[in-house]
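The values are calculated or read from the model by the stated rules, or taken from the named source; none is laboratory data. What you are looking at is a predicted structure, and each value in this text was computed from that prediction instead of being measured. Neighbour counts are summed over all protein chains in view; Cβ atoms, including those assigned to glycine, are modelled from backbone coordinates with ideal geometry.
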Amino acid sequence: MKKTLLIAILLLIPVFFVYAQTQPIHSILYQFSPLSEIIARSLGMEDKNNNGVIDKNAGEGYETFIEKYGIGNTYEEKEKSVDRGFHSNVVIICAGNSKLEENEIVNHYYINIRFSQAFTEETNIIEAAIKSYIYENNLPLVWLDDEQGTVMNAVTRVLGAGWNNPNTARSEDEAVRMFTRAVQGIRITGRTGLPSANGGYYTLPEMVNRRAGYCYEIAQFGFWFFSELQINVVSAIGGLTSSILHEVVRLNSGRRVDYFGSSGRYRIPEDNWYITNPIQNIGFFYRINGKVSVNQIMLEYSVIYNKYSTENISVLMYSYIDKSTSYYPTIIELGEFFFANNDISQTLNARHNQISTVKGEIRVILIYLLISYNGTNNKQGHDRIAALLENHFASDAEVREYLRMYRL
């Protein structure tokens, strides 16, 4: 049964990849990203109406997934544990809406399902299918070793053969000590400066070979390392200042492992740390490296793998805005997707270190929408966006100038 299901999932993957390459970005907004599609299908779900989520009472597997994989004694408790929303632009969105967005599904898999003894079959199928997809389609090896075992060989030289023996139980403290020894033994030093001004991020094997990494890259190494020990882990991101984000490893206990210790002196409140899953981190990699290489395809893939990010959407809009008026409809669909899934009042009024950055990104999205609605002579859309700009950015002189220039 396991082999049959794995083959079925693998047969699906190339078809989806070709589709993703040949369809415009706004069409793909309403589908799961390829890796999330693997997880959803392997856990018994299918987005039959192609709206980009798993709907309740729609025959898409919502109820079965809740019953089998939710946490709690009653269905209501289980549903709440899965349909709990997710962080987007430092606020929680989509909680309790009777829909399972891909980030909810992916987060639940990596936190509660992966490596659980009760779900060994699902874990094996998903891990094999994801690795196959990444290798076969040349996705960046953000948190995955290359097929030559570059990362594994480097860690084994430090920790010795058998360090990841699945039959050896490791306490959390011991696993963290091993992680620290591995990073120190490989002699990885911290990179400085802005990643976008320093060649972008390294893949995991590149970081090991070059023995240098940003906090983001060390966090991806941590995901790979703890995964080898079959310990569930994701990343956590916190704003150290208004302009500096910091990413660390987050274990299921809630413990954050900050190898460089950069967050220590900033005393970031607990609720200002937010989870980012491995698939979102692929989107993060595509955005930064796409900006460095001025590669529009990479920027499109950043949205495919993390489509709820204001920065991913605003950066992609920027890549479109000056190219051709033919991109106006695409910009409009990107912006409308953002507004359909985000409460901008909640986002703009949130209190955290990165609020000025998020406000700037929302401002950019609104301005590009104003220009695009103006360019397509859509007065209803134009007036709605103009009202939002006047409501939220009335004191901004540049916004007032855009409102003057792009009247309908």
For the stretch 262-282, check the following and say yes or no: at least one residue is closer than 22 Å to Glu206 by Cβ and either in contact with a Cys (Cβ under 8 Å, 6 or more places away or on another chain) or without any contact (Cβ under 8 Å) to a residue 24 or more places away in the chain (or both). yes
Scanning for something under 24 Å from Gly85 (Cβ atoms), in contact (Cβ under 8 Å) with a residue 40 or more places away in the chain and part of a helix (DSSP H, G or I), does the stretch 368-382 turn up at least one residue? no
From the list Arg265, Arg287, exactly one residue is surrounded by fewer than 20 Cβ atoms within 10 Å (Cβ to Cβ), of a type in the set (D, E, K, R) and in a helix (DSSP H, G or I). Which is it? Arg265
For Gly264, only one of the following conditions fails: (1) over 27 Å from Ile367 (Cβ atoms); (2) not assigned by TED's automatic domain parsing to the domain that holds Glu217. What is its number? (2)
Helices (runs of 4 or more DSSP H) wholly inside the stretch 24-129 that include at least 2 residues being charged (D, E, K, R) and farther than 26 Å from Gln230 by Cα: 75-82
Checking the condition modelled with pLDDT of 95 or more and either more than 18 Å from the chain's Cα centre (by Cα) or of a type in the set (Val, Ile, Thr) (or both), which residue from Ile355, Ile279, Ile321 passes? Ile279
Filter result for the condition that a residue is farther than 26 Å from Asn138 by Cα and either of a type in the set (S, T, N, Q) or in contact with a Ser or Thr (Cβ under 9 Å, 6 or more places away or on another chain) (or both), over Gly190, Gly264, Gly222: Gly190
For the stretch 169-202, give me the residue count where each residue is crowded, with 16+ Cβ neighbours inside 10 Å, closer than 24 Å to Ile111 by Cα and in contact with a Phe, Trp or Tyr (Cβ under 8 Å, 6 or more places away or on another chain). 5
